[in-house]
Every structure is written in structure tokens, then in C-alpha cells.
1. Considering only residues that are near ligand 2 (Cβ under 10 Å from one of its atoms) and of a type in the set (Val, Ile, Thr), look in the stretch B:32-49 and name the one that is nearest to residue B:235 (Cα to Cα).
2. Checking the structure you have, find out if any residue of the stretch B:10-21 is more than 9 Å from ligand 1 (Cβ to nearest atom), under 20 Å from residue B:174 (Cα atoms) and not in a loop (DSSP other than H, G, I, E, B).
3. Residues in the stretch B:58-67: is at least one within 24 Å of residue B:156 (Cα to Cα), of a type in the set (Gly, Ala, Ser) and either within 14 Å of chain A (Cβ to nearest Cβ) or more than 17 Å from the chain's Cα centre (by Cα) (or both)?
4. Would you be able to tell me the number of residues in the stretch A:186-197 that are surrounded by fewer than 21 Cβ atoms within 10 Å (Cβ to Cβ) and either in contact (Cβ under 8 Å) with a residue 60 or more places away in the chain or out of contact with any Phe, Trp or Tyr (no Cβ under 6 Å at 6 or more places or on another chain) (or both)?
5. Before we move on, is residue B:100 under 21 Å from residue B:162 (Cβ atoms), more than 8 Å from chain A (Cβ to nearest Cβ) and of a type in the set (S, T, N, Q)?
6. Which members of the stretch B:55-84 meet the condition of being closer than 18 Å to residue B:27 by Cβ, within 16 Å of ligand 1 (Cβ to nearest atom) and small (Gly, Ala, Ser)?
7. Filter the helices (runs of 4 or more DSSP H) completely within the stretch A:204-293 down to those with at least 2 residues that are of a type in the set (Ser, Thr, Tyr).
8. Only one of these is more than 16 Å from ligand 2 (Cβ to nearest atom), surrounded by fewer than 21 Cβ atoms within 10 Å (Cβ to Cβ) and hydrophobic (A, V, I, L, M, F, W, C): B:23, B:78, B:74. Name it.
Amino acid sequence: MNRTFAVKAIALTIWGLLLFSPFLFQEVRQVEVAARIAVFIVLVASYDLLIGYTGIVSFAHTMFFGFGAYGVAIAMKQGDNTWGFWILGTLAGVLVAAVVAVLIGLLSLRVKAIFFAMITLAAASVALVLASQLSGLTGGEDGITYRSPDVFKSANKLLTDEEGKVLRIAGVRMNGKIAAYYFVFFTCALMFWMMLRIVGSPLGTVLKAIRENEARTEGIGYRVVAYRTAVFVIAATTAALAGAVYATWLKYTGPDTTLSFAIMIDILLMVVIGGMGTMWGAAIGATLMVLAQYYLRDLMEVAAAATEAIPLLPVLLSPDRWLLWLGIIFILLVYFFPAGIAGTIIRGRKS
Amino acid sequence: MTHPSLSTRDLTIRFGGHTAVNAVTCDFRPGELTVIVGPNGAGKTTYFNMISGQLTPSTGTVEKDGIDLTRMPASQRARHGVGRAFQLTNLFPKLSVLENIRLAVQAQAGEGRRFFTPVAKLTELTARAERYLEATKLADKAELPAAALPHGDQRKLEVALLMAMEPDIYMFDEPTAGMSLDHAPDVLDLIAEIKHDHTKTVLLVEHKMDVVRQLADRIIVLHNGELIADGDPGEVMSSQVVKDVYLGNAGELA
Ligand SMILES: Nc1ncnc2c1ncn2[C@@H]1O[C@H](COP(=O)(O)OP(=O)(O)O)[C@@H](O)[C@H]1O
Ligand SMILES: [Mg+2]
């Protein structure tokens, strides 16, 4: 119980830092990192519903993420940047995600896990090819740049002082940028909370039962293929919503920001590092990974400079080798936290 | 005589060239406890698997209360009131003992699709699960993962899952196998209780002769996949057929 509490405390601290991050970390890059962490927590948590809770291996999560992002991007590019088109794009993206998830689910969730994984891989490849082929609509490899709704424009003054200039609170301008950040934060926090409710509900126990013993779950009266399809649809639509939110924040959508297999691998690493089947672990895994991606190079630069006098070390610590060090960190994390950080804290190292 | 609640007609399954269950036709009635005996490999577990839906027969049918179950998935049969405990313990190893039972309770209550209400708020489900924990004397182990239980307790949990399904048909496959003598009565008392309800249909695979004598209303004998004897326990047990089967020279009979 205490161990679970420790994990929750870590994850809630992360959410707390995200809540205040525009005030705590005011650099442009830092705000980018905070928004990315919030979105990836949702993306990883929704993936954990599949892989960690239900034992479903899918490689199509970035495809669903992309459906939402491209939905918003195309609607705002082809239409305009009003909320009407935003809603239209989001709904279209979520609907496509739901339909594709139902189709994949009903066609292949009753077969062997490995075959299902292959189907998702194929679907994700098709989506990637389509995105680059249908360049009239998707912008191809270049992606699409568009404007997000006007409330989020930096020039939009949310609050003004008596001279009519944008008000600053604790040095932070109350403009559209901060509105955009809190839009990302609150939608992501809401989705994360909803997923916590799902895993804590009777349905959540059925999902774990399917992972543990599919045949007995069926034997006591649960139609396993229906539950699997349902959770696949829930995860897919959540990923699509996260994509729509991220697209609104970035004002750019391309294969590299949403659809690519590189992101799929990031999600897999985040869920493994955080701890599969823990939900809270998603927050920990996503945070560590995004921070490493953004700051490991900086850190190494500092370390290389500090060790300048010592032979060999500065060479090893050269920022160009940051991927090598990222790999080493992963190996160490997996070694010391075999069930992921949250999983290992909760269950101990031996289990 | 009451109508049969469960019937199998010419129930047959072949694995490759081997016929594991061969044209078994049999009726089971509410309030009746039927013990199924037969040597290892006779086809008892396979017969159960076709009734509860783990296997689909090659030919023949399974009916419950006039509804044809033959092609239904196991989950649907469970919802039609066919409950089954397994010979080889078949639990949810990493889930707690309480969660194991609550799964069966919430399936029975049709609450498995609730996806937004915290489990803690559904006190009725937990209370019901706790009743089965107490009935099987597992209450003090409620929070342990099922995998951490000793073998005897896992067998009891296996039975508790079946009880929590509250079915019309109870199928026990060697429920006390490998259980110590001080634990077996816990399970047998529960089966006796179900029997005394007089509305449930109970099928029990069991080898221990004293148990059979105590509980059976009727005995059927399977041998090489065929039903070779069916009747009153005293008669069947003293019949030449059964003696031959258990002496291992029944080949001539078939
Ligand atoms: N899935 C299966 N595939 C092939 N053979 C099987 C399968 N299930 C059972 N059998 C065979 O069917 C026969 C009956 O087995 P079983 O029903 O387990 O017997 P019992 O429960 O009476 O000991 C055995 O010869 C067994 O090897
Ligand atoms: Mg058997």
C-alpha cells in the first residue's frame, strides 16, 4: 500500500509541476517540453491500457495519434482556424480512429497475439504511406502548417493591465500562448483521470483477467473478443484525441510529429520504463524519456566541459554520443527496474 | 420425473484419428448429483469441455433447458447458467483472491461492462465476493495474489469461482485432487450444500469411493470415450462392467 502511495506521489508531483510549469519554467523550449510531456503521458497511458492491462500488443498507436492530429490539421488548413472546424477535424479524426479500431479488432483480435501485432504493423505502414502519397491533403513528407484557434495566438491578450497592455503574473504574460498551454494541460489531465477511472472499474479488472487467463475469463462469462475490441477502441480514440490536442499546440502536423515508427518506439520505451500495467507509470516513463530527449545533450555538454582536464572522458561525454548514453541509461533502468519504475517500486525487484 | 436441465445427444469428438468421446447420450436433471467415473484418459474432462464450451464437438449436440448450446462460445454458455471448475487449477494468478472471485460475481451480476464506477463504490459486488470467500474459508487470504496460495487453497478458490457464478449446472472436475485430507471436507461440504438445494444439476468427476458413496444420486461410467454404465450408485458400483473397467480388462466389453 505504501509503495503504491509512493508511485502515486511521484506521478502527482509530475502533474503538479506540469500545472505550474509556465510559471516555474519560462523559457520557450521548456514550455514545449512540458506540453509534450502532458500529451505523451496520455499517449503512453492509453497504450498501457492495451499492452499492460489487457496484454494486447499493437504497433498502430501512432497511427491513431496521427488520425486525430491530421483531422485537426486538415480541417484547419482546408477550412479555417475557427472552433467549428476544430471540432469537425477532431470528431473526424476520432471517428476514423474508432472505425479502424473496430475493424482491426473484430477481424483479428480473436486470432493469435503475434498475428494481431502484424496486422497493426501493416495498418500503421499503410497510414504512413497514405500520409506521404496524398500530399494534396496531408502535405506529404513536409506536413501541414496552419493556424490554431485565435484564442491561442500570442497576440491575444487574455488579461490586460490598466494601460491595456497584457498583464503579467509572476513575470508570465497572460496571452494566448498560456491559454494554449492550459488547454493542453487540462485536456490531457482529464483524459488521464478518465483512464484511471477505467482501470479502477469492474471493466478494468476484466481487462487484467484477460491478460492473466483468457480462457477462464471467457469461461466465467465474459466475451473476450468484445472486451478486447472495446479496449482497443478506447485506446485508439484516446490516442486520436491526444493527437488532436498536440496538433492544436504545435500548429504543424507531419509524419515525424505523429505517425512515424520512431514515435511508436518511444511509446514502447516509455511504457516499459514507467512500468506496464500501472497507469501511473506512464507519467513517470513519459516524463523521463521526453526530458532525456530534450536535455541529455545539454547535460553531456556540461559534463564534457567539466571533465576537460581528464583524458578520454570528454570524448566519451561528447554531446554527439547522446544516443549511446540514452541506450546505456535504458539498459541500466531495465536492469535495476525490471518491472519498470512504477512496477518495481510497487512489487519489489524479485517478482 | 422432472425434465432434464442438461442433455447431450451423440456427443462425439475426434482428435486426429483418436475418438476421445464417442456418441455419449445422457440427460441430467435438476436436484440430481451425478458422479462420473472412469479411468484416466476415459474422456471425462473432454466431455466436460464440450458441455462448458472449451471444445466444440465433432458431432452431436448439447442442450440446456431446450436451448442448443453446441456452437455457443463458452462465455454465452456461462451466461446461460453452465458453470465449470477445472481439474487443472485455472485461475488469475497475479490478481488477488478477492479479485478472482469478484470477477465471477460481476460476470454473474452483468456488471463487467461498467467502466467508470470505481470498484470500491460497488460494495454489493464485494460483499457477495466476500460471502464466497468465507464459504471456502479463504477470507484471511483475500488480499494475496492467487499464485501465492498453497495448492489446497488454489483448489478451493477454483471451486469458489464456480460457486460465485451461481449457475444452474455445476460441473466439478476432480475438485479434491491433490488436496490434503483436512482440506477436502471443506470442498465436499460445499458440494453437499449445493446438492441439498434440490434445484441445481451437479456433475462431479471423482475417484474417491467414499465420496462417491456419500454424494452420488447416480453414477455414470465412461470408458474409452463411451458411456458404458448409468444408474443407481449401489448397482453401478457392484456391476461387473465397473469391476472390469477398474481391473483394466474392459476391452471385451466395448
Ligand atoms: N486437445 C486435445 N488434443 C488431443 N487429444 C486430446 C485433447 N484433449 C484430450 N485428448 C485425449 O482425449 C482422451 C481423454 O482425455 P481426458 O478427457 O482428459 O480424460 P479424463 O479426464 O477422463 O482423464 C485422452 O486420450 C487425451 O489424450
Ligand atoms: Mg480429467
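1. Out of the qualifying residues, it is B:36.
2. Within the stretch B:10-21 (the criterion being more than 9 Å from ligand 1 (Cβ to nearest atom), under 20 Å from residue B:174 (Cα atoms) and not in a loop (DSSP other than H, G, I, E, B)), the answer is no, since none of the residues qualifies.
3. Within the stretch B:58-67 (the criterion being within 24 Å of residue B:156 (Cα to Cα), of a type in the set (Gly, Ala, Ser) and either within 14 Å of chain A (Cβ to nearest Cβ) or more than 17 Å from the chain's Cα centre (by Cα) (or both)), the answer is no, since none of the residues qualifies.
4. Qualifying residue count, the stretch A:186-197: 7.
5. yes
6. B:60
7. So the answer is A:224-250.
8. Just a single option satisfies the conditions, and that option is B:23.
The values are calculated or read from the model by the stated rules, or taken from the named source; none is laboratory data. What you are looking at is a predicted structure, and each value in this text was computed from that prediction instead of being measured. A quick note on method: Cβ atoms are made from the backbone with ideal geometry, for glycine too, and the neighbour counts reach across all protein chains shown.
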